[in-house]
Amino acid sequence: MNHKIFIYSYTIILLVLTFIFFRRLLENLKSGDFEYLKLALNLGIMVVLILKIVRLGKIENQKNNAN
């Protein structure tokens, strides 16, 4: 498949995960009871997605520069 499809898919997933992360963070700040595991897992997945997007973007740019 085309790398652009994966880049756009990962970006949409990252947007959703970012929304969920900040919603949980604000809820935890209000209640004072932090769910560290959920926050850490969500943040970890977000970092992995960012790295994947950057890696695929570099591959796509190299492919475009070669043409």
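Cβ-Cβ contacts under 6 Å between residues 6 or more apart (or on different chains), taken from a first residue in region 2-23 that is touching a residue at least 40 places away in the same chain (Cβ under 8 Å) to a second residue that is of a type in the set (D, E, K, R), are listed as His3/Glu60; Tyr10/Lys52. Being among the small types (Gly, Ala, Ser) and surrounded by 10 or more Cβ atoms within 10 Å (Cβ to Cβ) is the filter here, so list the residues in region 46-67 that pass it. Matches in region 46-67: Gly57 only. I'd like to know if region 8-24 contains one or more residues that are outside any helix (DSSP H, G or I), in contact with a helix residue (DSSP H, G or I) (Cβ under 8 Å, 6 or more places away or on another chain) and surrounded by 12 or more Cβ atoms within 10 Å (Cβ to Cβ). Taking every residue of region 8-24 in turn, none turns out to be outside any helix (DSSP H, G or I), in contact with a helix residue (DSSP H, G or I) (Cβ under 8 Å, 6 or more places away or on another chain) and surrounded by 12 or more Cβ atoms within 10 Å (Cβ to Cβ). A single member of Leu43, Leu29, Leu39 is open to solvent by 60 Å² or more (accessible area, probe 1.4 Å), aliphatic (A, V, I, L, M) and in contact with a Phe, Trp or Tyr (Cβ under 9 Å, 6 or more places away or on another chain), and it is Leu43. Scanning region 30-67 for residues that are hydrophobic (A, V, I, L, M, F, W, C) and either touching a His at 6+ places or on another chain (Cβ under 9 Å) or without any contact (Cβ under 8 Å) to a residue 12 or more places away in the chain (or both) returns Phe34, Leu37, Ala40, Leu41, Val47, Val48, Leu51, Val54, Leu56, Ile59, Ala66.
The values are calculated or read from the model by the stated rules, or taken from the named source; none is laboratory data. These numbers were taken from a predicted model, which means no experiment stands behind them. For neighbour counting, all protein chains shown are included, and Cβ atoms are generated from backbone atoms with ideal geometry for every residue, glycine included. Just the protein is used for accessible areas: all its heavy atoms, side chains included, with ligands, DNA and RNA removed. Shrake-Rupley method; radii C 1.70, N 1.55, O 1.52, S 1.80 Å.
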